[in-house]
Every structure is written in C-alpha cells, then in structure tokens.
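Please read the structure below before turning to the comments.
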Amino acid sequence: MFGKKKQPIIKEDIIGVVKNSGLRHIAYIMDGNGRWATERSLPRELGHSAGAKNFKEVVKYSKNVGIRYVTVYAFSTENWKRPEREVAAIMKLLDQYIDEAALEDEIEFLFIGDRESVDPRIKERMSSLESLTVGRPFRVNIAFNYGGRDEIVHAVNRVLSDGRTVINEKDITDNVYTSDCPDPDLIVRTGAEFRISNFLMWQSAYSELYFSDKMWPDFKQADIDAAIIEFSKRKRRFGGV
Ligand code: IPE
Ligand code: IPE
Ligand code: MG
C-alpha cells in the first residue's frame, strides 16, 4: 500500500514539464548506430538505417511535447574517415530522407555544416528543402558534415570578409550556422560515450548535458521523457548565484 511504485509518465505531464522548465531547444548526438548493428550481427549500415528511423520518431515526439527546436548530429567533419561503403550508406539515407521531409507540413529544416564537400546534387536538394519549408513553426537543424571548430572558423572568416580586423562574441554568435536559433538548452548524447565530439562548440557554452547508455536506435519516448525530467531538475545559473 505504501510501495514506491512509479506512476507512468503521461504525455500531458511532459508537455507541462517542457513548458515550466523553459526547455525550447534539444540537440542530440545520435551515437551508437554502429554498435547497435554489430550487437545484432548486422552490417553497420543497417545500424544507420535503424538510426534514421529513430530520428524520425524522436522528431515527431519532440514536436508533440512542445519542443520548439531540435538539432541532430548526423555526420561530422571527421566521419569521412569511415569506410567508403559506410559513408555512402549515410549519404543515401540523407538523400532518401530529404524526399520524406518535403512531405512534412509543420517542420522547417536547416542543414548546418559545410556543404561544399557534399555531392552537388544532394547540396542542391538540401537548399530546396530549406526554401520549401522556411517559416514553419517547428525547427529541425540537421548537422551534416558539421564540425564545431570548422563552424567557428567559418564564422570568423565571414566577419573578416566584411573588412573587419577585430571581432567580438556577438560577431561569432551572429555568424554560426544556428544564428537564428537560441542556444541548445539540453544536449543529449546516446551511445555511452561521454564527450562532445566537436558538436556545437560555440553554442553549448551553457547547455545542460545528458548522457544515455542506450544506443541511438534504442532511444525511445520514455528515454526522452527521462532526459526532459532530468533537465527540469537542473539549476541553471549561467555564472550567477
Ligand atoms: C553515430 O553512430 C552515427 C554517425 C556517426 C554517423 P556511430 O556510427 O558512430 O555508431 P558507433 O559509435 O560506431 O556505435
Ligand atoms: C559523433 O559520433 C558524430 C555523430 C553522432 C554524427 P562519433 O561516433 O563520430 O564520435 P566519436 O568518434 O566516438 O567521438
Ligand atoms: Mg560513434
């Protein structure tokens, strides 16, 4: 009768938690696809397919619980080091996803990262998807060929190209790829690795960090709820008291 059995969290509660905690922007380091596949004796490529499927679920759920911005780390500037076959499989998944994304009606998409080394045909499709979806109420930023250091260098070069010789923090904030979004409130990394791996180096200065042991394809609604609840308990001080 006095047992501590936990009540299941219902969606309405989570919507309230999101609202009251001021959680607007979650960024995900979607790690663990390869290990998820290897644990099942599958090729790593199938881990990426499972990861892409889960990404769609996470986006849908995040939108439903009232998150305004989701950023996902899909491919880093360092991921080109992987075998050609794996890189090709990831490029193919991106290409396929662009078609599906165009059918969404409430999502605005932005690709963040260096597009210059992406296949010109895909690059063109990225831009078309952005133009098609601009101004929609829920934002998904897809970090593709993205590196945090690369982004800062890119931002600095943009400012310098205006003839400036001395720059300040605002110049960089205004010129990173996510300049029209608030910084992520919460960064979630799956895959039982406890590092940033060159993700949102500039924007993460005061983000709350949350690490999950789940591999990305296994990171489900209940796991998102747990991350959101943990976020709501954090005391964000931003250097104050
Ligand atoms: C993350 O999963 C996806 C990408 C980096 C593209 P990984 O492919 O890094 O999966 P693990 O870390 O090898 O398990
Ligand atoms: C980070 O994962 C990049 C993405 C999730 C796209 P990695 O698997 O590339 O990171 P490291 O190599 O373990 O640091
Ligand atoms: Mg990894």
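The values are calculated or read from the model by the stated rules, or taken from the named source; none is laboratory data. This structure is a prediction, so every number in the text was calculated from the model and none was measured. FYI the Cβ positions are ideal-geometry reconstructions off the backbone, even for glycines, and counts take in every protein chain you see. What goes into the accessible areas is simple: the full protein's heavy atoms, side chains included, and nothing from ligands, DNA or RNA. Shrake-Rupley method; radii C 1.70, N 1.55, O 1.52, S 1.80 Å.
Values computed for the structure shown
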quantity: Residue-normalised accessible area of the chain, expressed per residue, 1.4 Å probe, Å²; calculated: 55
quantity: Heavy atoms of Met30 accessible to a 1.4 Å probe, total area in Å² rounded to 10; calculated: 40
quantity: Linear extension gain, Ile196 paired with Arg158, 0.36 nm per residue minus alpha-carbon span; calculated: 11.2 nm
quantity: 5 angstrom amide H check on Ile187, placed H, neighbours 5+ away; calculated: Ala27, Glu208, Leu209, Tyr210
quantity: Positive-end residue of Ser207, Ser76, Ile228, charge dipole of the chain with Cβ unit charges; calculated: Ile228
quantity: The range 1-133: Cα Rg divided by the 2.2 N^0.38 Å rule of thumb; calculated: 1.26
quantity: Most to least accessible of Ser212, Ser161, Ser21 (protein chains only, probe 1.4 Å); calculated: Ser161, Ser21, Ser212
quantity: Relative contact order computed over the range 25-231 (Cα-Cα under 8 Å; 6+ residues apart), in percent; calculated: 29
quantity: Heavy atoms of His154 accessible to a 1.4 Å probe, total area in Å² rounded to 10; calculated: 70
quantity: Members of Lys56/Lys235; Lys92/Lys220; Lys19/Lys60; Lys81/Lys214; Lys56/Lys220; Lys19/Lys235 lying beyond 22 Å, as alpha-carbon distances in this model show; calculated: Lys56/Lys235; Lys92/Lys220; Lys81/Lys214
quantity: Low-density loop cleavage sites - chymotrypsin sites (Phe, Trp or Tyr not before Pro) in the range 1-60, where at most 13 other Cβ are within 10 Å (DSSP); calculated: Phe2
quantity: Whether the range 95-196 is rounded, prolate or oblate, judged on the alpha carbon gyration tensor where a/c under 1.5 counts as rounded; calculated: prolate
quantity: Val241/Ala88 FRET efficiency (R0 51 Å; Cβ-Cβ; nearest 0.05); calculated: 0.45
quantity: Separation in nanometres of the label points that stand 7 Å from Cα toward Cβ, at Trp80 and Thr173; calculated: 3.2
quantity: P(r) weight above 28 Å for the chain, C-alpha pairs, percent; calculated: 33
quantity: Low-density loop positions, GluC sites (Glu not before Pro), the range 34-135 - DSSP coil, at most 16 other Cβ in 10 Å; calculated: Glu78, Glu106
quantity: ³J(HN,Hα) computed for each position of the range 174-183 - Karplus, 6.51 cos²θ - 1.76 cosθ + 1.60, integer Hz, glycine/proline x; calculated: 6, 10, 6, 4, 9, 4, 9, 10, x, 4
quantity: The range 155-214 versus the range 98-126: alpha-carbon centroid distance in Å; calculated: 20
quantity: For Asp162, solvent-accessible area (1.4 Å; no DNA, RNA or ligand), Å²; calculated: 120
quantity: Other-chain or far-sequence residues with amide H under 5 Å of Phe111's (modelled H); calculated: Ile142
quantity: Cβ-placed point charges (K, R +1; D, E -1), dipole of the chain about Cα centre in debye, nearest 20; calculated: 920
quantity: Placed amide H near Met30: partners under 5 Å, 5+ positions off or other chain; calculated: Tyr73
quantity: Spin-label model distance (nm) - Lys19 vs Ser117, 7 Å beyond Cα toward Cβ; calculated: 4.5
quantity: The chain: calculated mean residue ellipticity at 222 nm from DSSP helix runs of at least 4, using -39500 (n - 2.57); calculated: -14000 deg cm²/dmol
